[in-house]
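Chemist: Provided herewith is a single structure, encoded as structure tokens, for subsequent inquiry.
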Amino acid sequence: MEKKLRHSRQRERIYEYLMASQEHPSAEMVYNDLRPEIPGLSLGTVYRNLKLLEELGKARRVASFQGTERYDACCGDHAHFLCERCGLLHDLGSANSEAVRSAILLDEGYTFSKLDLTVTGLCPNCAG
């Protein structure tokens, strides 16, 4: 039997923050930005809620930079660019998910459930 999930204002705000963010925040970024609004918020609560949102399919971990994981509320197939110098992480809107999927040859019996592609390099600010 599935456990009923209790409503949580903190979880709701964390999810709203993720939905509004274009920078694919880390748990620490979420915590630092929401703490003034929610004084009782703890970093542990942010981590637990991000994990729960991930389990519910409402968020996903997309990349790690210097050991810090980043999150995205967009869970559909898409690609990201990660600057290996400054950590800038953003969506690559022009990636053709179907073309990428068809270019990857899976062994017999394997199937795709999601495509999570991260391209790593230097952003314009770091390359220049």
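The values are calculated or read from the model by the stated rules, or taken from the named source; none is laboratory data. Because the structure is a prediction, the values reported are computed rather than measured. All Cβ positions, even for glycine, are placed from backbone atoms using ideal geometry, and neighbour counts span all protein chains on display. Side chains are part of the model used for accessible areas, which takes the heavy atoms of the whole protein and leaves out ligands, DNA and RNA. Shrake-Rupley method; radii C 1.70, N 1.55, O 1.52, S 1.80 Å.
Chemist: Take MET19 and tell me if it is open to solvent by less than 60 Å² (accessible area, probe 1.4 Å), within 27 Å of GLY121 (Cα to Cα) and without any contact (Cβ under 8 Å) to a residue 60 or more places away in the chain.
Modeler: On the way: open to solvent by less than 60 Å² (accessible area, probe 1.4 Å): no; within 27 Å of GLY121 (Cα to Cα): yes; without any contact (Cβ under 8 Å) to a residue 60 or more places away in the chain: yes.
Against the criterion (open to solvent by less than 60 Å² (accessible area, probe 1.4 Å), within 27 Å of GLY121 (Cα to Cα) and without any contact (Cβ under 8 Å) to a residue 60 or more places away in the chain), MET19 does not qualify.
Chemist: Within the range 38-58, count every residue that is free of Cβ contacts under 8 Å to residues at least 12 places away in the same chain and open to solvent by less than 40 Å² (accessible area, probe 1.4 Å).
Modeler: 1
Chemist: Considering only the range 98-120, I want to know if a residue exists there that is within 17 Å of the chain's Cα centre (by Cα), more than 24 Å from GLU55 (Cα to Cα) and of a type in the set (S, T, N, Q). Spell out the reasoning first.
Modeler: If we filter the range 98-120 for residues that are within 17 Å of the chain's Cα centre (by Cα), which is where we start, we get 113-120.
Filter again for more than 24 Å from GLU55 (Cα to Cα), leaving 119-120.
When the remaining residues are screened for being of a type in the set (S, T, N, Q), the result is 120.
There is at least one residue in the range 98-120 that is within 17 Å of the chain's Cα centre (by Cα), more than 24 Å from GLU55 (Cα to Cα) and of a type in the set (S, T, N, Q).
Chemist: What are the residues in the range 80-125 that are of a type in the set (Ser, Thr, Tyr) and either within 16 Å of PHE65 (Cβ to Cβ) or open to solvent by 50 Å² or more (accessible area, probe 1.4 Å) (or both), if any? It would help to see each step written out before you state the result.
Modeler: The first filter runs over the range 80-125 and keeps only residues of a type in the set (Ser, Thr, Tyr), leaving 94, 97, 102, 110-111, 113, 118, 120.
SER94, SER102, TYR110, THR111, SER113, THR118, THR120 - these are the residues of the range 80-125 that are of a type in the set (Ser, Thr, Tyr) and either within 16 Å of PHE65 (Cβ to Cβ) or open to solvent by 50 Å² or more (accessible area, probe 1.4 Å) (or both).
Chemist: Scan the range 81-100 for residues that are touching a residue at least 24 places away in the same chain (Cβ under 8 Å), of a type outside the set (Asp, Glu) and in contact with a strand residue (DSSP E or B) (Cβ under 8 Å, 6 or more places away or on another chain) and jot them down.
Modeler: PHE81, LEU82, CYS83, LEU88, LEU89, HIS90, LEU92
Chemist: Another question about this same structure. Cβ contacts < 7 Å: first residue within 22 Å of ARG60 (Cβ to Cβ), restricted to the range 101-117; second residue of a type in the set (Phe, Trp, Tyr) and surrounded by 10 or more Cβ atoms within 10 Å (Cβ to Cβ), any location; separation 6+ or different chain. Result?
Modeler: Qualifying pairs under 7 Å: ARG101/PHE112.
Chemist: Quick one: ARG61 ticks every box in (1) in a helix (DSSP H, G or I); (2) modelled with pLDDT under 95 bar one, so which box is it?
Modeler: Of the numbered conditions (1) in a helix (DSSP H, G or I); (2) modelled with pLDDT under 95, the odd one out for ARG61 is (1).
Chemist: Right, another one. Could you check ASP77 against (1) at pLDDT 85 or above; (2) within 23 Å of GLU16 (Cα to Cα); (3) open to solvent by 50 Å² or more (accessible area, probe 1.4 Å); (4) of a type outside the set (Phe, Trp, Tyr) and say which number it fails?
Modeler: That leaves (1) as the condition not met.
Chemist: If you don't mind, another one. Kindly establish whether LEU52 is outside any helix (DSSP H, G or I) and either under 19 Å from LEU115 (Cα atoms) or not β-branched (Val, Ile, Thr) (or both). Steps first, answer last, please.
Modeler: On the way: outside any helix (DSSP H, G or I): no; either under 19 Å from LEU115 (Cα atoms) or not β-branched (Val, Ile, Thr) (or both): yes.
Judged against the criteria, LEU52 is not a match.
Chemist: Can you name every residue in the range 59-74 that is acidic (Asp, Glu) and open to solvent by less than 40 Å² (accessible area, probe 1.4 Å)?
Modeler: In the first step, residues of the range 59-74 are kept if they are acidic (Asp, Glu); the result is 69, 72.
Of everything in the range 59-74, just one residue is acidic (Asp, Glu) and open to solvent by less than 40 Å² (accessible area, probe 1.4 Å), namely ASP72.
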